[in-house]
Amino acid sequence: MEAEVSVMFSFQNGTDIATSSKINAAVKSNTCVAVGADDQRLHRPFEASDGSVTGILMQSAVHNIPGTDHIPSSGSKCFAAQGETSFAIATSPSLLSAAAPCKTRASSCSRFVSARASDRNRFFSCASPSSATAADRDKGSEASASRLWRLFVAHGDIAEVLQHDKVVGEDAAGTAQAAAVCLRKTLRPLQRELFPFALAWATPIVRFGGGDCFRRYFTRFFGHSGDSSAAIAAYALHNAADWDGRISAWHSETLSLLPVSDNSSTAGTDSSGGYYRHQLFNELYFLVDGGTIWTDTSAGLDNPWQESRLAEKLIDIAGGDRGSQLSVSLSELQQLRVRMLQHDEFCQRADGGDQSAVGQFMYLEGHEYLMYNTYDVHFYASFALLMLWPQLELSLQKDFALAVCLEDRSIRRMMGEGALRPRKVAGSVPHDLGSPTEAPWRKTNAYNFQDVSNWKDLGPKFVLQIYRDLTYLKHQRLGKGAINTDRFLQMTYPILLEVMHNTAKFDCDDDGMIENSGFPDQTYDIWTAKGVHAYCGGLWISACNATCSLATQMGDGATVDRYRDLAGRAQRVYVSSLWNGRYLDYDSSSSKHHDSVMADMLAGHWYARACGLPALLPPRQVLSCLRTIFQFNVLQFGGGQLMGAVNGMRPPRNRPSPGLQASASPLSFNMAVSVVPAASSYSSPSGGRQDLASIDHTCLQSREVWTGTTYALAATMLHEARHVDGPSSQHPWPSTPPSPLIRQASSADTELVEPLLPLSSEAFLSSAMDLDDVNRPLTAAERRELTEMSHCTARGIHDAGWQRFGYWFATPEAWEKSGNYRSLGYMRPLAIWAIQYVHETSKKYV
């Protein structure tokens, strides 16, 4: 017995009927803000020329945007003569169907009233028409929506319902209008069918608060008409199957780089556990949901407009006779696909970061922090852009190189310290490329909390990102050819030297090491550091080594000698000032938190491993630091639950002096206790009270878990585990079972039943490593331990953010132990791709 199945997809336009009447006047006067004709033609049906696609184009208006009231409504910078924004919904009666044909029919309703102004507080849902009486459904706010629903229920089709309705006067303001498409199929028993629908939108022109307007990059293919969403929807339906296959292939290729577990119960799965797979891909949401702007510009200026004849045809198609049904040519869609594939190959072969080919890319620091490409945060997030869209990463780095040369002497009062400071000092790396409310690229440093011209981390981060990008692309083949980075290096090298020269001025005593100035002068912008700093000092040493390597490539012998000497002297100062026998102190000051355990203390070493640079510390000192961080900042902070690495922990009050006993792993201690006391001590199995480390409450940031830096820490642990034996397609450790503690923590299928318990601080700190030979290679067991530590550390962000706190697709910058968050939807968690970077590059050149 056959069954008829109908599915309807409706979408409400953001432009009400009153606005569409104003739009009509704008159209007649040919002003730039026009988005439609009269209110009856704001929505128009369209079809593909072969009938494979049917849909509705809805013109819209984006208005009342804060900070943009002064933008001129017409002029040479406005390109959208007919429509700045449009939406399109569409379906296909023939595409994506099963092999066995079935009876199929598509229908549409171009316009119906979904909610009237008089009833705006009770949005009408087509799924529940019974909420009103039969008489009410034929009048008032539900009239056309009710008729549409009854058609759908009775016939499985929909049709136009507003031929005779008029909404005028005061009721027009706030009266919402929508459109719908419907697909009906006749199915045989056990037959499976897809019902494809597409939603597309097009806002081809980017408008910033300072008045600048630029074309988005997609206008190269679909033109700059605001009506192009119809062509985009049709293109999507015709290519959906191909996209699905390509995405699946990309997933498989990416996951194939993960080592396979030796545990028989999880044979054939990656050893990181199932959480990593979906977390890796899901965190990419921010690259498109982070206020992302991709423009067809170079250095903040429009690229020459060379729209092809094909794009002109698409514009004509989408903007034809406003009273007729639009038609999208199937042949032109096919040509467009060929053109896009050719353009993709061209961009892969273009010079690195050639903005005339790839345009410019910007994304916000976060949904609450409205600054583009915040550089100290991109330092962590950039691995995702580099590995997936390397040309956009190089384009972004070019923007910062150019911005180093900018100067803006306008004076602002810093919100943090209250001092008056110039906005941008020439020769300094900017904190960001500007705000959407001003003029990005032209007015940098929208951030005004601290004086970023005196930050100690921005210069080294610029050098290290440039070096990492060049090193990665040197060894990574993309498509049919490698990206040519020669011109990129020639362009950035002199700027890089200027940045290093200016950063070296922070060396106050000419010992080779830069010093922090006693205010929050780095990415932890309320956490004060003074003197030698574990975070900034490590970045400086690695930046000196990177500069030395780049100078060698450029044949610049004098620079090689200068920075080799600086790196050597700085490293000696770094160790002598900060190493306490177990880990690196936070800084060399006499502050109460100078010896706090900082989760990010090895940031410089992390990038050294990622770039193939000399290590920051010998291997056994690095292992000791990572064990300490894992013991205190991960295990003891979580109180038995994995929730990431807290930024700062205070060491136990009664810290024993480090001895030379045999090394004890924090993972090999199996404590059979089911709860963790909230106090700073607990009873050990042998009796007595054992001090635990405590959270560093110096400031808000010291007591927070930063999701992105937790991923970076996990990547550092994995780098150290993988680095020892060089390239390997499999993990270099023997197939010994992990400890019960770690098996419990890395289970992919079940929640943690018992909380994890750390070693007592006395047991951990008294088991100091034998550092007589700090350069002795790590054992296989130690490498496995580091890998398990990495999995547990990263797993905490998944368990806390995605399971306990529910921050799905909005991973915040930070949370506290209570789960209170700061800044939902943030850039830094993209650093999970730094872990994937280890899986990929450890097989190539580490």
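General observations
- Sequence-distant residues sharing a close amide H with SER327 (under 5 Å, placed H): GLU47
- Here the range 330-469 is assigned +1 on the Cβ of each Lys and Arg and -1 on the Cβ of each Asp and Glu. Its dipole about the Cα centre then comes out at about 360 debye.
- Listed values for the range 711-721 are Karplus-derived 3J(HN,Hα) couplings in whole Hz (6.51 cos²θ - 1.76 cosθ + 1.60, θ = phi - 60°), namely 4, 5, 4, 4, 5, 4, 4, 5, 4, 5, 5, and x replaces Gly and Pro.
- Nonpolar atom fraction for the range 392-535, defined as the carbon and sulfur part of the 1.4 Å probe accessible area, stands at 50 percent.
- Above-threshold pairs, the threshold being 18 Å between Cα atoms, out of LYS505/LYS592; LYS461/LYS505; LYS456/LYS592: LYS505/LYS592; LYS456/LYS592
- Cross-link table LYS424/LYS817; LYS530/LYS817; LYS398/LYS817, entries beyond 32 Å C-alpha to C-alpha: LYS424/LYS817; LYS398/LYS817
- Cβ-derived FRET efficiency at R0 60 Å, MET415 paired with ALA780, nearest 0.05: 0.70
- Virtual spin-label span in nm between HIS251 and ASP565, 7 Å along Cα→Cβ: 5.7
- Length gained when the stretch PHE449-PHE809 is fully extended (0.36 nm per residue, less Cα-Cα span): 126.8 nm
- Efficiency of FRET from Cβ geometry, HIS343 and GLU368, R₀ 45 Å, rounded to 0.05: 0.80
- Signed unit charges on C-beta, dipole axis of the range 438-492, positive-most listed residue GLN476, GLN450, ALA439: GLN476
- Summed residue charge, Cβ within 11 Å of ALA599's Cβ, Lys/Arg positive, Asp/Glu negative: -3
- Computed on the range 413-522, with alpha-carbon pairs under 8 angstrom and 6+ residues apart, the relative contact order is 26 percent.
- Per residue, the range 342-474 exposes 30 Å² of accessible surface when a 1.4 Å probe is rolled over the protein heavy atoms with every protein chain present.
- Probe 1.4 Å, protein heavy atoms only - accessible area per residue of the range 508-646 in square angstrom: 26
- Only Lys, Arg (+1) and Asp, Glu (-1) charged, at Cβ; the range 478-564 dipole about Cα centre in debye: 440
- Amide proton proximity set for THR85, modelled H, under 5 Å, gap of 5+: SER60
- Within the range 523-547, backbone nitrogen closer than 19 Å to the virtual label 7 Å beyond the Cα of ASP509 toward Cβ: 529-541
- For the range 370-384, the Karplus equation 6.51 cos²θ - 1.76 cosθ + 1.60, evaluated at θ = phi - 60°, returns couplings of 8, 9, 7, 6, 3, 6, 5, 8, 4, 3, 8, 6, 5, 4, 5 Hz by residue, with Gly and Pro reported as x.
- Cut-off under 5 Å, modelled amide H: who pairs with ALA426 long-range: ASP408
- What a 1.4 Å probe finds exposed on the range 197-265 is 57% carbon and sulfur by accessible area, rounded to a whole percent.
- With a simple spin-label model that places each label point 7 Å from the Cα along the Cα-to-Cβ direction, the separation between LEU284 and ASN484 comes to 2.9 nm.
- Candidates THR523, ILE541, GLY555 compared by Cα position along the dipole of the range 473-562: farthest toward the positive end lies GLY555, with charges placed on Cβ.
- Estimated vicinal HN-Hα couplings, Hz - the range 536-547 in sequence order (Karplus 6.51, -1.76, 1.60; Gly, Pro = x): 5, x, x, 4, 5, 4, 5, 5, 5, 5, 5, 4
The values are calculated or read from the model by the stated rules, or taken from the named source; none is laboratory data. Predicted model, so just to flag it, every value in this text is computed and none were measured. All Cβ positions, even for glycine, are placed from backbone atoms using ideal geometry, and neighbour counts span all protein chains on display. All accessible areas refer to the heavy atoms of the entire protein, side chains included, with ligands and DNA or RNA removed. Shrake-Rupley method; radii C 1.70, N 1.55, O 1.52, S 1.80 Å.
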